[in-house]
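First up is the structure itself, then whatever we jot down about it.
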Amino acid sequence: MRNAAEAMKQVNGRLATAARLSVAPMMDWTDRHCRYLHRLLSHRTLLYTEMVTAPAVIHGERDRLIGFDASEHPLALQLGGSDPVDLREAARIGAERGYDEINLNCGCPSDRVQSGAFGAVLMTRPELVAECCAEMIAASPVEVTVKCRIGVDEQVPEEVLPRFLETVAASGVSRFTIHARKAWLQGLSPKENRDVPPLDYDLVLRMKREFPRLHLSINGGIGTLDEAESFLASGLDGVMIGRAAYHSPADILGDADKRIWGEGAVTRAEDAVRDMLPYIERHLADGGRLHQVTRHMLGLFAGRPGARGWRRVLSEGASRPGAGPELVLEALQRVEDLQQAA
Ligand SMILES: Cc1cc2nc3c(=O)[nH]c(=O)nc-3n(C[C@H](O)[C@H](O)[C@H](O)COP(=O)(O)O)c2cc1C
């Protein structure tokens, strides 16, 4: 029988392979309904939860905050926090719940997050991040990873990023995702901080050359699988896609298994819709509302004939009391009729 360390290495190897493509953690967006849909589209892509703060994991309503469906693996829990003791406990709980990876958020610039002294502001405190990660690693049998920026405010990314990676890696972290732009902690909204600071992909590529042993994923502004493939070809270990995967899930994820891992078939949006129906039935039977699930499905036909009608039927009808799977089928029928006529 393999010893535990060997088994762990295998698990991490699997995760490192899954991380060739991942869907970014996105608050209010990558909830469990969204992830269920994404998993139907791609069996291989690594999925992330929304950020959950460590105190919420410890003291909050766990089923609601960190519950997930068994089909969502491989799945990472993203934590927010900067208190090593809290993070240790939250990581332990996350691993015990069955997450495959625990990720620490060092990239989120929102005010709420700054006041708790975590998120992107942690780019200024690599030693604290290393301490937090060491605690998380000690408590978690699954891999601990970090998502960061290239710097914040007046920091010089060429100096700050290598020091950050080196310091945090010394605690035992070997996989990082780098959102290739700075965050401005004052003066820009979280949304502006995802668009305004310029992207510096070259710096991330240089980091891979400087730290060849680290598993580095690049993130920020990547909109197609062509771009993702070209980053992988240029030596990066992984690509994380956020908004494009959310807004055009079939384009990004439906083709991903075949193109990124060379296996499986292309999943069509129509098939994903039909496969969502039993999930929707279960959600409604548990007292949930249709729009909680369908709001994540609006982009399924993005860029295709019928996309507008699909969105309209769902966004107008799914919040009505009693709305159910028949509305989804009606919307799908319209798409299919239009496609046949085209
Ligand atoms: C609605 C929304 C919520 C986000 N929430 C988080 C979050 O909880 N944790 C995090 O690390 N990043 C968060 N981000 C940032 C994304 O993970 C990602 O880094 C960013 O969108 C850049 O990637 P993209 O250009 O592919 O979207 C969020 C982004 C969006 C659009």
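Quick note: the coordinates plus some simple rules give every number you see, no bench work behind them. Keep in mind that this is a model prediction, so the values were computed, not measured. Reconstructed Cβ throughout: ideal geometry from the backbone, glycine too, with neighbour counts over all protein chains shown.
The C-alpha atoms of the chain define a longest principal axis, and helix 157-169 lies at about 90 degrees to it. Annotation: extensible slack from D271 through R289 equals 4.3 nm (criterion: 0.36 nm per residue apart, minus Cα-Cα distance). For the chain, the relative contact order works out to 15 percent when only alpha carbon pairs closer than 8 Å and six or more residues apart are counted. In the range 269-341, taking the dipole from charged Cβ atoms about the Cα centre, the farthest positive-side position among G309, I280, G324 is held by G309. Zone of D202 (label point 7 Å along Cα→Cβ, backbone N under 13 Å): which residues in the range 137-168? Output list for this probe position: 158.
Taking a Cβ cut-off of under 13 Å around L225, the surrounding Lys, Arg, Asp and Glu residues balance to a net charge of -2, with basic ones at +1 and acidic ones at -1. In whole Å, how far is the Cα centre of the range 75-94 from that of the range 320-342? About 41 Å separates the Cα centre of the range 75-94 from the one of the range 320-342. Largest GNM mean-square fluctuation across A56, A120, A134, computed for the chain with C-alpha springs under 10 Å, falls on A56.
For the chain, a simple Cβ point-charge model (Lys and Arg +1, Asp and Glu -1, everything else neutral) yields a dipole of about 280 debye relative to the Cα centre. Running a GNM on the chain with Cα contacts under 10 Å, which residue among E101, E229, E192 ends up with the highest mean-square fluctuation? Among E101, E229, E192, the largest GNM mean-square fluctuation belongs to E192. Close amide H pairs (under 5 Å, H built 1.01 Å from N) link L104 with L79, T145, V146, K147, residues at least 5 positions away or on another chain. Expressed as a whole percent, how much of the Cα-Cα distance distribution for the chain exceeds 25 Å? Percent of Cα pairs beyond 25 Å in the chain: 52. Applying a 4.7 Å Cβ-Cβ cutoff to the chain leaves C34, C108, C132, C133 as cysteine residues with no disulfide-compatible partner.
Figure legend: label point modelled 7 angstrom from the Cα of E96 along Cα→Cβ; residues of the range 50-69 with amide N under 14 Å from it are 57-60, 62-63. Checking the a/c ratio against 1.5 first, then a/b against b/c, what shape does the Cα gyration tensor give for the range 262-308? Since a/c reaches 1.5 but b/c is at least a/b, the shape of the range 262-308 is classed as oblate. With respect to the chain, whose longest principal axis is taken over its alpha-carbon atoms, helix 325-341 is tilted by about 80°. On the basis of the beta-carbon distance and an R0 of 35 Å, E158 and H73 show a calculated FRET efficiency of 0.40. Axis of helix 4-18 versus longest Cα principal axis of the chain: the two differ by about 50°, to the nearest ten degrees. In this simple spin-label approximation, R62 and E166 carry label points 7 Å from Cα along the Cα→Cβ vector, and these lie 4.0 nm apart.
Modelled spin-label separation between R209 and S230, with each label point placed 7 Å from Cα along the Cα-to-Cβ direction: 1.8 nm. Taking every alpha-carbon pair under 8 Å whose residues sit at least 6 apart, the range 269-341 reaches a relative contact order of 34 percent.
The lysine pair count for the chain, using Cα distances under 26 Å and pairs eight or more places apart or on different chains, is 9.
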